[in-house]
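> Please read through the structure below; I'll follow up with questions.
What follows is calculated from the coordinates using simple rules that are stated; it is not laboratory data. Here the structure is a predicted model, which means the values were calculated and not measured. For neighbour counting, all protein chains shown are included, and Cβ atoms are generated from backbone atoms with ideal geometry for every residue, glycine included.
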Amino acid sequence: MIYADNAATTRLDTDAFEAMKPFLLEEYGNASLPYVFAHKPKKALQEARETVASCIGALPSEILFTSGGTESDNWAIHGITALNYEKRATITSSFEHHAVLRACEAIERQGFPVSYLQPSSDGYITSEALSKVVTERTCLVSVMFANNEIGTVQPIQELCEIAHECGALFHTDAVQAVGHVPINVANLGVDLLSASAHKFNGPKGVGFLYVREGTKIAPYAAGGGQERGLRAGTENIAGIVAMAVALQKNVDRAIDVAARLLRLEDTFLTRLSQVGIDYIRNGGSIRLPGNVNISIKYVDGEMLLHRLDLMGICISTGSACDSVNTQISHVIQAIKVPQEYAQGTIRITFGAENTEDDALTIADALAKILVS
Ligand code: PLP
């Protein structure tokens, strides 16, 4: 089997897995309790918070553990707008992940206006586009760090400055970027940032929301006093510990892995051109390493996905959450891929475990299906 859908999820790192085990089997005490049996889980929680914070240039007190990207995005949007009845406008982009888009639709139903910025045809939200819409009535701007389908990395620092000039807070859904490209929240200036462990070789069902010190956010869940009283619920210690291990490892090797992934992209695309496949590559060149989103002329991407699946190759047509939906994805529509290509869009996302051989095998499999 060749797995080339690393934007959908990644394999759990073995060290991360080993780090989880003691907190499931032996050190299973509840970190909130005062007895000695709870000391190790409590210490592990604190250390994981410190590790995660240092990986993104934050303070430990600015990290709130969550169940993953979807929760972090929903919390950021609901949690900020809920406290801003006066200054109530939100701005996002039309090609965000559905975790952001659906949360924005929900606040619209509650009477909070939302504007949707359109990306350029190469997949970027520009400062000009944001400047035209942001006003002193804007409480929140939410633009993703890197798009999950086409991988384009947004000019977050510039967008953030524009939002701040109008007194708005800035949230970025960095689920696809954390652990893969260098991120320093202090340099970026963002107020909130979402991340998810399973996108960087951590376990599923755990993530975090970075909230800049001093930023007021409404609680996500009421109950016990966990996560500074903002997100009640017994902590997923094993998941959190494993997330910290996986994140630290990914951050340490990110530059080397990125260089290798760029070579895999090159190998794959060179072979595609050699065999005469008529494709366009979606998104500009400032993008996540390993992301190859292409549209092939007069072909059905769903058909390709299933044919490749039969050959033991996992790729995607749109975002993973869209896989039951055969419509052209909202991202491909937003960047206006020409009609004769749009239906034939596939996303290959190479990861640290992929090899040159994998890249050639996928290209040859496509050639077998398309060039007879
Ligand atoms: N945001 C982006 C950009 C994503 O790619 C995803 C997952 O595909 C999510 C949010 C949701 O994250 P999770 O699967 O952890 O809920």
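> Please list, in order along the range 37-53, the HN-Hα scalar couplings obtained from phi with the Karplus expression 6.51 cos²θ - 1.76 cosθ + 1.60 (θ = phi - 60°), rounded to whole Hz, x for Gly and Pro.
Computed from phi, the couplings for the range 37-53 are 4, 8, 5, 5, x, 5, 5, 4, 5, 5, 5, 5, 5, 5, 5, 4, 4 Hz.
> So which lysines can LYS199 reach, going by Cα to Cα under 26 Å and dropping same-chain residues fewer than 8 places off?
Excluding near neighbours in sequence, the set is LYS21, LYS42, LYS43, LYS249.
> Where in the range 159-174 is the amide nitrogen less than 11 Å from a point lying 7 Å along the Cα-to-Cβ axis of SER131?
Label zone hits: 162.
> For the Cα atoms of the chain, what angle does the longest principal axis make with the long axis of helix 301-310, in degrees from 0 to 90, nearest 10?
Long axis of 301-310 versus the principal axis of the chain: about 90 degrees.
> Over the chain, what is the relative contact order in percent, taking alpha-carbon pairs closer than 8 angstrom and at least six residues apart?
The normalised contact order for the chain reaches 23 percent.
> How much of the DSSP bridge set in the chain is antiparallel, in percent, rounded to the nearest 5?
For the chain, the DSSP antiparallel bridge percentage is about 55.
> Continuing with the same structure: Sticking with the crude label model, points 7 Å out along Cα→Cβ, report the distance from LYS21 to GLN118 in nm, one decimal please.
5.5 nm
> Please give the FRET efficiency for LYS216 paired with LYS43, using the beta carbon to beta carbon distance and R0 = 30 Å, rounded to the nearest 0.05.
0.55
> Related question: So how far, in whole Å, is the C-alpha centre of the range 122-190 from the one of the range 194-250?
Their Cα centres are 21 Å away from one another.
> As I understand it, the value is the acute angle between the Cα axis of helix 156-165 and the longest principal axis of the Cα atoms of the chain; what does it come to in degrees, rounded to 10?
Value to nearest ten degrees: 50.
> With +1 assigned to the C-beta of every Lys and Arg and -1 to the C-beta of every Asp and Glu, and no other charges, what is the dipole magnitude of the chain about the Cα centre in debye, to the nearest 20?
Here the size comes out at about 460 debye.
> While we're on this one: Tell me, in nm to one decimal, what length is gained between LYS336 and SER32 on full extension, where the rule is 0.36 nm per residue of separation less the Cα-Cα distance?
Result for the pair: 104.3 nm of gain on full extension.
> Can you tell me which lysines have their Cα less than 26 Å from the Cα of LYS87? Leave out same-chain residues fewer than eight positions away.
Cα-Cα hits under 26 Å: LYS132, LYS216.
> Here's another thing I want to ask about it. May I ask for the angle, rounded to the nearest 10°, between helix 237-274 and the longest principal axis of the chain, with both axes built from Cα atoms and the value confined to 0 to 90°?
Value to nearest ten degrees: 20.
> Something else about it: Using the Karplus curve 6.51 cos²θ - 1.76 cosθ + 1.60 with θ = phi - 60°, work out ³J(HN,Hα) for each residue of the range 348-364 in order, rounded to whole Hz, and write x for Gly and Pro.
Karplus-based 3J(HN,Hα) across the range 348-364 equals 10, 10, 6, x, 4, 7, 6, 10, 4, 4, 4, 4, 5, 5, 5, 4, 5 Hz.
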